[in-house]
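**Student:** Below is the structure I would like to discuss, written out as structure tokens.
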Amino acid sequence: MAHNPSVAVRGSLIRGLVFHIGMALSACLWAIPSLLTFPLPYGIRYWFITRWSLWTIWWLRMTNSVRWEVDGLENIPDQAGVVMSNHQSAWETLALQGWFKPQTWVLKRELMWLPFFGWALSLLQPIAINRETGRSAGRQVIEQGRARLAAGIWVVVFPEGTRMAAGQKGRYRLGGAVLACATGAKVVPIAHNAGEFWPRYGWRKRPGCIHVRIGKPIETQGLKPQQLLAQVQAWIEAQMPYLSKQSDPMTQTP
């Protein structure tokens, strides 16, 4: 029987729709009990709220056959530091929570205003900034980031600032590098190709295997933020051809 592309496309759209419906409903359901954890210690709040993130990537695997493989878990240091990753998808914002615990993020303050989801997110002590304030936002990242690191909380930064389609490069911003250099924290670089399977736009997901590579920690002592950022960007971009090659659809099973 000849393969019918239109049937495959419809099936892909249906699986993507099922995933997004499940994700949206679960976010609403999870947010309500998550808000009730506000009087509990941070560690308990973090554990409970982030179960939703791990459930969501499991749900993606069940509905759309999106798997993942990780290289370099042995490179994660014992002491919390700054994680700097490329940003292609919503997937990495969820999956990184399984490897760097506990963690928080530098994000736009507008996300905190979202009903239920944003309110629950605020319980995880994110570093929410107003990008329009310029230097004031930079000082806020350093002050709050220093406090999070001192408390043993990883700070996850996406230097590109917004999701970029697979194969595209964004302009890397200095915020995470400034924080790392100001505090002396190690930087763990991460490269992945999640955007090839969970794209920035659209309902469809591509079955296959996301490849993630965790690099060796970068010591920040004696480095200027520009030098550190250049190292991180060069490392990430050097990994991307390899990661995409490993995800050749001819080698994947749905």
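The values are calculated or read from the model by the stated rules, or taken from the named source; none is laboratory data. These numbers come from a predicted model, not from an experiment. Using ideal geometry, Cβ is built from the backbone for each residue, glycine included, and neighbour counts are taken over all protein chains shown.
**Student:** Any idea which of (1) part of a loop (DSSP other than H, G, I, E, B); (2) out of contact with any Leu (no Cβ under 8 Å at 6 or more places or on another chain); (3) among the polar types (S, T, N, Q); (4) buried (at least 17 other Cβ atoms within 10 Å of the Cβ) is the one THR220 doesn't satisfy?
**Tutor:** Failing condition for THR220: (2).
**Student:** Out of curiosity, is ALA238 modelled with pLDDT of 90 or more and in contact with a helix residue (DSSP H, G or I) (Cβ under 7 Å, 6 or more places away or on another chain)?
**Tutor:** Spelling it out, it is not the case that ALA238 is modelled with pLDDT of 90 or more and in contact with a helix residue (DSSP H, G or I) (Cβ under 7 Å, 6 or more places away or on another chain).
**Student:** Starting from residues that are under 21 Å from GLU92 (Cβ atoms) and charged (D, E, K, R), keep the ones in region 140-163 and report whichever is modelled with the highest pLDDT.
**Tutor:** Only one residue tops the list, namely ARG148.
**Student:** Quick one: which of ALA182, ALA166 is touching a Ser or Thr at 6+ places or on another chain (Cβ under 8 Å) and more than 15 Å from THR93 (Cα to Cα)?
**Tutor:** ALA166
**Student:** Is it the case that some residue within region 153-171 is out of contact with any helix residue (DSSP H, G or I) (no Cβ under 9 Å at 6 or more places or on another chain), within 19 Å of VAL212 (Cα to Cα) and surrounded by 18 or more Cβ atoms within 10 Å (Cβ to Cβ)?
**Tutor:** yes
**Student:** In region 43-73, how many are over 19 Å from the mean Cα position of the chain (by Cα) and loosely packed, with under 15 Cβ neighbours inside 10 Å?
**Tutor:** Residues meeting the conditions: 3.
**Student:** Name the helices (runs of 4 or more DSSP H) wholly within region 79-153 that hold at least 3 residues that are among the aliphatic types (A, V, I, L, M), without any contact (Cβ under 8 Å) to a residue 40 or more places away in the chain and over 18 Å from TRP47 (Cα atoms)?
**Tutor:** 135-150
**Student:** Looking at region 48-78, which of its residues are aromatic (Phe, Trp, Tyr) and in contact (Cβ under 8 Å) with a residue 40 or more places away in the chain?
**Tutor:** Listed by number, the residues that qualify are TRP59, TRP68.
**Student:** Hey, could you check region 174-200 for residues that are farther than 21 Å from ARG15 by Cβ, part of a loop (DSSP other than H, G, I, E, B) and in contact with a helix residue (DSSP H, G or I) (Cβ under 8 Å, 6 or more places away or on another chain) and say which is modelled with the lowest pLDDT?
**Tutor:** LEU174
**Student:** If LEU40 satisfies every condition in (1) surrounded by fewer than 17 Cβ atoms within 10 Å (Cβ to Cβ); (2) within 20 Å of TRP198 (Cβ to Cβ); (3) of a type outside the set (Phe, Trp, Tyr); (4) without any contact (Cβ under 8 Å) to a residue 40 or more places away in the chain but one, which is the exception?
**Tutor:** In the conditions (1) surrounded by fewer than 17 Cβ atoms within 10 Å (Cβ to Cβ); (2) within 20 Å of TRP198 (Cβ to Cβ); (3) of a type outside the set (Phe, Trp, Tyr); (4) without any contact (Cβ under 8 Å) to a residue 40 or more places away in the chain, LEU40 misses (2) alone.
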